[in-house]
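Only one structure is covered here, and it is reproduced in the block below.
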Amino acid sequence: MKAGAPKYMFFALALPIAYGAAVYVPVWVFQLGWFAGAPMLWAATLSAVLRLPLHLFVAVGEELGWRGVLVPNLARIADARYVAFVPGTIWALWHYPDILLFDYNVGTPFLFALICFSISLIGQGAFLSWLRLASGSIWPAIVFHGVHNSVILGIFDRVTAPGALTVYITTEFGVGFSIVSALVGYLFWSKLRSSGAANAKPTHACQSHLENGAQVLKARKTLDG
Amino acid sequence: MPLAAGDPERGRARAKIAIFLALVAAFAGILDLLRVLVPFGTTLSILTWTPRFADALAMWSVGLAGFIASS
């Protein structure tokens, strides 16, 4: 499983921090929520860094499926529009039972949470499809997913003292995230279309580690048999 | 361009996606049922059934579905 070029790792690391700042800093500036102070920021950052391996570990599980199997195989049969938006849509639907039945929401009305969360994941899904196909590796997608969970839940959410409207703007269920993610999604859908990453022959750019592993297992069975 | 209509690779890709999605849905259903039926805090051998543990299992179930679909 190759790591992907450093620039894709940079994208994976930087984007969650950038869009987190784009959502939370205006909330602090316009006093829709309050920055909890530098000591809290340092404590939350240290905690997020320590928890990052755990976030990366669970992200590996999801990304092996969504970006390891779904995206490259979709790129074989569908054009850039579907490759950009279908994985994020399925990814969002997969979370619906958690939101509706298992207290995954942050206290906003369910319909509001579902709409904002879905737009966020569809936008991020477009970015992740581009990242997966352009880098030819699932590692940048894993890093993005792990860093997103670590930075947004572990740092930005923790250093924001909420006001009455804060949860409607921040968190993965807020309108701020859905706007920023929609912009990110549109940008990387455009990149997918123009770069032709979705049209790459999957044998070199999109062959997942899982598929390689499965082929090795089959070859071994043939040799053993 | 996506693969041509008659390309056998195209059929394989479609089959993998179908198997993957079916397994993802099945695993999600099983895990949701477990969340409903098994109270959080129950000790399962050496592990305790918690919301966080259930989340981790759910996330890895997607990877398992991908592995099976690719095999």
- Item | Charge sum, other residues only, whose C-beta stays under 13 Å from residue A:189's C-beta, Lys/Arg counted +1 and Asp/Glu -1 | +2
- Message: Semi-axes of the equivalent ellipsoid for region A:7-224, please: Cα gyration tensor eigenvalues, times 5, square-rooted, ordered largest first, whole Å.
- Response: 33, 19, 16
- Measure nothing fancy, just the Cα-based angle from helix B:51-70's long axis to the longest principal axis of chain B, in degrees from 0 to 90, nearest 10. 30
- Query: Between residue A:5 and residue A:190, what is the FRET efficiency for a Förster distance of 30 Å, r being their Cβ-Cβ separation, to the nearest 0.05?
  - Reply: 0.90
- Message: Using only DSSP helix segments of four residues or longer, with each worth -39500 (n - 2.57), what per-residue ellipticity at 222 nm results for chain B after dividing by its residue count and rounding to 500?
- Response: -25000 deg cm²/dmol
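I need the calculated FRET efficiency for the pair residue B:33 and residue A:47, taking r as the beta carbon distance and R₀ as 30 Å, to the nearest 0.05. Let's see the in-between values first.
Numbers: r = 33 Å, r/R0 = 1.11.
Efficiency, from the Cβ-Cβ distance: 0.35.
Just to confirm a number: summing +1 for Lys and Arg and -1 for Asp and Glu over residues other than residue B:35 whose beta-carbon lies under 15 angstrom from that of residue B:35, what do you get? Show your work: numbers first, answer last.
Numbers: positive: B:52; negative: A:98, A:103, B:32, B:55.
Here the charged neighbours net out to -3.
Here, each number is a calculation from the coordinates, and none is a lab measurement. Since the model is a prediction, treat every value here as computed from it, not as a measurement. Here Cβ is always computed from backbone atoms with ideal geometry, including for glycine, and neighbour counts include all displayed protein chains.
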